[in-house]
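These notes concern the structure reproduced below.
The values are calculated or read from the model by the stated rules, or taken from the named source; none is laboratory data. As the structure is a computational prediction, the values presented were derived from the model and not from experiment. Note that we place each Cβ from the backbone using ideal geometry, even for glycine, and neighbour counts take in every protein chain shown. Protein only, heavy atoms only, side chains kept; ligands, DNA and RNA dropped before computing areas. Shrake-Rupley method; radii C 1.70, N 1.55, O 1.52, S 1.80 Å.
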Amino acid sequence: MENKWLDDLATEAGITSEYINAYGKPQAIPAETRHRILEAMSKNKPVDRPVSYLQDSSSPKVKVIIQGQEITLPLKELNSYQWQITTEQGEVFHGHCQHQLTLPSDLPLGYHTLTLIPKVEQEVSSQQQTMQLIVAPERCYEPKALMHGEKLWGACVQLYTLRSENNWGIGDFGDLKYMLQELALRGGAFVGLNPLHAIYPAMPENASPYSPSSRHWLNIIYIAVHQVEDFKDSAKAQAWWHAPETQLKLQQTQQAEWVDYTAVMALKMAALRLAYPQFKSRTGDDPQKIAFQQFVTKGGKNLYSQAVYDALHHKLYGENQTYWGWPVWPEKYREFDSEAVKEFCHSHPQEIEFFLWLQWIADIQLAECFTTSQSHHMPIGIYRDLAVGVAQGGSETWCNRNIYCTQASVGAPPDILGPLGQNWGLPPMNPHVLKAQSYQPFIELLRSNMRHCGALRIDHVMSLLRLWWIPQGETADKGVYVHYPVDDLLAILALESQRNHCLVIGEDLGIVPEEIVDKLRDRGVYSYKVFYFERNEQGEYRSPDEYPVQAMATITTHDLPTLRGFWQNGDLTLGEGIGLYPDKALLAELYTERKRCRQALLASLNQHGYLSELSETLPITEPITDKQPLSQQTALQMQTEHPMSASINYAVHHYIAHSNCALLGLQPEDWLDMENPVNIPGTTEEYPNWRRKLNVTLEAMFTDAHIRQLLQTVREARKQAS
């Protein structure tokens, strides 16, 4: 009986009992796994009511509706109500009803308050009910250029990979501004970025942008220190800057093949600590002082707690490097509201304000980048990336413990290439606590990440429907899917998207359940189409006109090999060398499949007339004109082992640029014909992930004749596709 009771509770909590696996077969979930996830979800709840926060559907605390839809709410056990809706704009609607309430269909968009006052025998009862009413639009925001049918393109950049003549060994907001200007001159519509989330100033080597400390604030390592006014005005900072020792360290970080996060962070923190007293010396009526105070006030508790975490972490980690995060801090510091933390805040106000100031500087510089893109009339400008979760021991879980289930982590179930699945080590948000809090944490997260940008990419967008939860201490194959209130979350996403004029792109790679495909499309979320994967059942690459309009096309991603790496099997060779493929039979099949991919790609490029540029590298006897397919004999020649060449690179870019997708994102690594990837999924120490730089500076890249010609070809092809 007890197991049956727990099974029912797990089902009520959205914990699935089976799913369709990577082989298309139903996969049952053991009852023990479901019960463990139920326990993780029910922490700090009474034993006899482990999911006591599950909402009673007849009296919810929040109701999300689509504008214009007529919605009725059942009113339980009471005969008559007075009702009142106070809108976010201050407008008041009121009336009375019996047994059910039919909401007005002309309510404005926004977050409103609905109050129900029951009447009992003509006497107004004191027991009134209040709930939040969220009225959302049907679709997310889309820029005018897309609404008019234009085909836009831009660069997808891992910001830290950028080299330049001015940065300090890592790409920064100064480089971003420069790149936006250069792309705008060449017809580019945006620069897409890796997540800019706050990581760990005290532990800079924990560099994965997809395992951040907090998704609400920025990674201060991206500050372009040489552009900070108080750094330039500080005599002490400038003396330090011009010292031979400093210049030598700078030269070393700039010339390093891989990003040296420790050295870069040490340089930047030293410079910014020297610049901070210059800022402090400003008078109270100084415009920058006023702007800083406004930023701090608007950031509220969330911003303050981030600064406290960074200041406290910096102190503790400096004393003992086992203190990687709050779960292993001295117990008195593990709760943000503890007396010890309050005492730390009281005794270290300047240190906390310093970290507040760093967040302000980062925010200012990102805002300036976006302003630059708008002044250059880029239809999107910047598109940011929202990671699927946060690290277990970071500031976001420290400050918002109640909403995160730290006894579980999220990942992906087993598939053909990963028989044990993936465990990302990120604690999931509790969907029931999220709803009990009227979705406020989700709303704030969207607002934080829709700042200073024209588009937002949501990593693993299927998380709005379901996430693969793994019990603490288990491997990823011992997980289970947990469902989220997808319709409510998508409606709120559309509302915040419209309010912030922010296009939404959903990264929908991997196992995509059919039920979410239509929901995403109908709500105006753009899909994500990676060229490598766009093949039909016969293994043929899709023609450009077969790509959907409401999508972003790209050749590759940060988790996949570069174009040269793909063509030359560089990812397979590298993976074999670091032990990722112990099954030699599987590895042999991967090599065989890659050869089939190359053959199919060459056949498709030829069929659609994009191989004419190869006339200089192959012995072809007949003349070739632009967009004219090669002869059958030459096409067969191409289907032998042919090394990567500038012509093939050009042909692939030309092909994807004619894609029917409204958006196209290209990687500078492919313009530069680089081979090594920036990240190898499933590795930690085996490969220096998140550290590989571009092989030339931005200044050199944008003056390179070949790249200028390539981008001009892309620009013209996008116009032709419009």
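Residues in segment 665-709 that are in contact with a Leu (Cβ under 9 Å, 6 or more places away or on another chain), over 12 Å from residue 562 (Cα atoms) and in a helix (DSSP H, G or I): 698, 701, 702, 707. Pairing each residue of segment 218-230 that is more than 14 Å from residue 355 (Cα to Cα) and among the hydrophobic types (A, V, I, L, M, F, W, C) with any residue that is part of a loop (DSSP other than H, G, I, E, B) and open to solvent by less than 10 Å² (accessible area, probe 1.4 Å), provided the two are 6+ apart or on different chains, yields C-beta distances under 6 Å for 224/172. Out of the residues in segment 184-219 meeting the condition of being open to solvent by 10 Å² or more (accessible area, probe 1.4 Å) and among the aromatic types (Phe, Trp, Tyr), tell me which one is farthest from the chain's Cα centre (by Cα). The qualifying residue farthest from the chain's Cα centre (by Cα) is 200. Just wondering, is there one or more residues in segment 197-205 that are touching a Lys or Arg at 6+ places or on another chain (Cβ under 8 Å), touching a residue at least 24 places away in the same chain (Cβ under 8 Å) and not small (Gly, Ala, Ser)? Scanning segment 197-205, I find at least one residue that is touching a Lys or Arg at 6+ places or on another chain (Cβ under 8 Å), touching a residue at least 24 places away in the same chain (Cβ under 8 Å) and not small (Gly, Ala, Ser), so the answer is yes.
Taking the criterion of being part of a loop (DSSP other than H, G, I, E, B) and exposed (fewer than 13 other Cβ atoms within 10 Å of the Cβ), the residues of segment 326-352 that qualify are 330, 337. The criterion of being touching a strand residue (DSSP E or B) at 6+ places or on another chain (Cβ under 8 Å) and among the basic types (Lys, Arg) does not hold for residue 401. The residues on offer are 295, 355, and the sole one that is crowded, with 22+ Cβ neighbours inside 10 Å, assigned to a helix (DSSP H, G or I) and touching a residue at least 40 places away in the same chain (Cβ under 8 Å) is 355.
Within segment 631-656, residues that are closer than 17 Å to residue 705 by Cα sit with their Cβ atoms under 8 Å from residues that are at pLDDT 50 or above and open to solvent by 20 Å² or more (accessible area, probe 1.4 Å), at 6+ positions apart or across chains, in these pairs: 646/673; 646/706; 649/564; 649/673. Take the residues in segment 110-141 that are at pLDDT 95 or above and in a loop (DSSP other than H, G, I, E, B), then tell me which one is surrounded by the fewest Cβ atoms within 10 Å (Cβ to Cβ). Among residues in segment 110-141 that are at pLDDT 95 or above and in a loop (DSSP other than H, G, I, E, B), the one surrounded by the fewest Cβ atoms within 10 Å (Cβ to Cβ) is 138.
Taking the criterion of being assigned to a loop (DSSP other than H, G, I, E, B), open to solvent by 50 Å² or more (accessible area, probe 1.4 Å) and at pLDDT 95 or above, the residues of segment 543-560 that qualify are 548, 549.
Summed over segment 681-716, residues that are among the aliphatic types (A, V, I, L, M), buried (at least 20 other Cβ atoms within 10 Å of the Cβ) and touching a strand residue (DSSP E or B) at 6+ places or on another chain (Cβ under 8 Å) total 3. The single condition from (1) touching a helix residue (DSSP H, G or I) at 6+ places or on another chain (Cβ under 7 Å); (2) within 22 Å of residue 211 (Cα to Cα); (3) open to solvent by 20 Å² or more (accessible area, probe 1.4 Å) that residue 321 fails is (1). The residues of segment 561-577 that are open to solvent by 60 Å² or more (accessible area, probe 1.4 Å), part of a helix (DSSP H, G or I) and under 16 Å from residue 643 (Cα atoms) amount to a single one, 573. Scanning segment 443-483 for residues that are buried (at least 23 other Cβ atoms within 10 Å of the Cβ), of a type in the set (Val, Ile, Thr) and over 30 Å from residue 155 (Cα atoms) gives 470, 480, 482. Looking at 622, 589, just one residue is at pLDDT below 60, more than 30 Å from residue 189 (Cβ to Cβ), open to solvent by 20 Å² or more (accessible area, probe 1.4 Å) and not polar (S, T, N, Q), and that residue is 622. Selection of segment 84-102 for residues being open to solvent by 30 Å² or more (accessible area, probe 1.4 Å) and either at pLDDT below 80 or not charged (D, E, K, R) (or both) yields 84, 86, 89, 90, 92, 93, 94, 96, 98, 99, 100, 102.
Taking segment 142-184 as the range and being small (Gly, Ala, Ser) and not in a helix (DSSP H, G or I) as the test, the residues that pass are 149, 154, 155, 164, 169, 171.
Filtered by the rule that a residue be in contact with a Leu (Cβ under 7 Å, 6 or more places away or on another chain), open to solvent by less than 20 Å² (accessible area, probe 1.4 Å) and more than 15 Å from residue 463 (Cα to Cα), segment 505-527 gives a lone residue, 526. When segment 4-32 is limited to residues that are part of a helix (DSSP H, G or I) and either in contact with a Lys or Arg (Cβ under 6 Å, 6 or more places away or on another chain) or basic (Lys, Arg) (or both), the one that is surrounded by the most Cβ atoms within 10 Å (Cβ to Cβ) turns out to be 10. The set of residues in segment 231-246 being under 35 Å from the mean Cα position of the chain (by Cα) and over 14 Å from residue 269 (Cα atoms) consists of 232 alone. Looking at segment 529-578 only, could you name the residues that are touching a helix residue (DSSP H, G or I) at 6+ places or on another chain (Cβ under 6 Å) and among the β-branched types (Val, Ile, Thr)? Result: 555, 562. Which number in (1) outside any strand (DSSP E or B); (2) modelled with pLDDT of 90 or more marks the one condition that residue 105 misses? Going through (1) outside any strand (DSSP E or B); (2) modelled with pLDDT of 90 or more one by one, residue 105 breaks only (2). Output the residues belonging to segment 392-423 that are open to solvent by 10 Å² or more (accessible area, probe 1.4 Å) and among the small types (Gly, Ala, Ser). Once the filter is applied, which keeps residues that are open to solvent by 10 Å² or more (accessible area, probe 1.4 Å) and among the small types (Gly, Ala, Ser), segment 392-423 yields 409, 412, 418, 421. Within the set 54, 78, the sole residue that is within 29 Å of the chain's Cα centre (by Cα), assigned to a loop (DSSP other than H, G, I, E, B), of a type in the set (A, V, I, L, M, F, W, C) and at pLDDT below 70 turns out to be 54. Only a single criterion out of (1) at pLDDT 95 or above; (2) over 30 Å from residue 165 (Cα atoms); (3) in contact with an Asp or Glu (Cβ under 6 Å, 6 or more places away or on another chain) is not satisfied by residue 699, namely (2). Among the conditions (1) in contact (Cβ under 8 Å) with a residue 24 or more places away in the chain; (2) farther than 25 Å from residue 156 by Cα; (3) surrounded by fewer than 18 Cβ atoms within 10 Å (Cβ to Cβ), residue 580 misses just one, which is (3).
Exactly one residue out of 274, 250, 267 is buried (at least 16 other Cβ atoms within 10 Å of the Cβ) and over 29 Å from residue 678 (Cβ atoms), and it is 274. Residues that are in a loop (DSSP other than H, G, I, E, B), small (Gly, Ala, Ser) and closer than 23 Å to residue 353 by Cβ occur at least once in segment 232-244. For segment 305-325, a tally of residues being out of contact with any Phe, Trp or Tyr (no Cβ under 7 Å at 6 or more places or on another chain), part of a helix (DSSP H, G or I) and either at positive phi or small (Gly, Ala, Ser) (or both) returns 1.
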